[in-house]
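K.L.:
The structure is given below, and queries will be raised subsequently.
The values are calculated or read from the model by the stated rules, or taken from the named source; none is laboratory data. Computed from a prediction, not measured in an experiment: that's the story for all the values here. Cβ atoms come from the backbone with ideal geometry, glycine included; neighbour counts cover every protein chain shown. Just the protein is used for accessible areas: all its heavy atoms, side chains included, with ligands, DNA and RNA removed. Shrake-Rupley method; radii C 1.70, N 1.55, O 1.52, S 1.80 Å.
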Amino acid sequence: MRGPERIEATRRGWPLLPVVLLVLALVDLRVELILLWDHLTLTSLTAAVRSHLLAVTVLVAQPSLWHHYRRARG
């Protein structure tokens, strides 16, 4: 397989990737989300983002991931 065929095969191989990334990001942020639910302040929000930057990036990228993998199926 070369070029576009290989890319399409790779996309089809991981249709649940956005779901897996979402679950892992939420598991990583679990404690921070509980703290934010109890006391939402700008300081706590900033600390959560700074200490879990990858998880927050995955959450922000979710719409793009869903669009990318939904298009690959159709």
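K.L.:
How long, wide and thick is segment 29-74, going by the Cα atoms along their three principal axes, in whole angstroms, largest first?
P.N.:
Ordered largest first, segment 29-74 gives principal extents of 43, 17, 15 Å.
K.L.:
Count charges around V49 for me, please; just the other residues with Cβ under 14 Å from its Cβ, Lys/Arg as +1, Asp/Glu as -1.
P.N.:
Working: positive: R50; negative: D28, E32.
Net of charged neighbours comes to -1.
K.L.:
Heavy atoms only, probe 1.4 Å: what % of the accessible area of segment 22-66 goes to carbon and sulfur, would you let me know?
P.N.:
Numbers: 2590 of 3430 Å².
The nonpolar share, carbon plus sulfur, comes to 75 percent.
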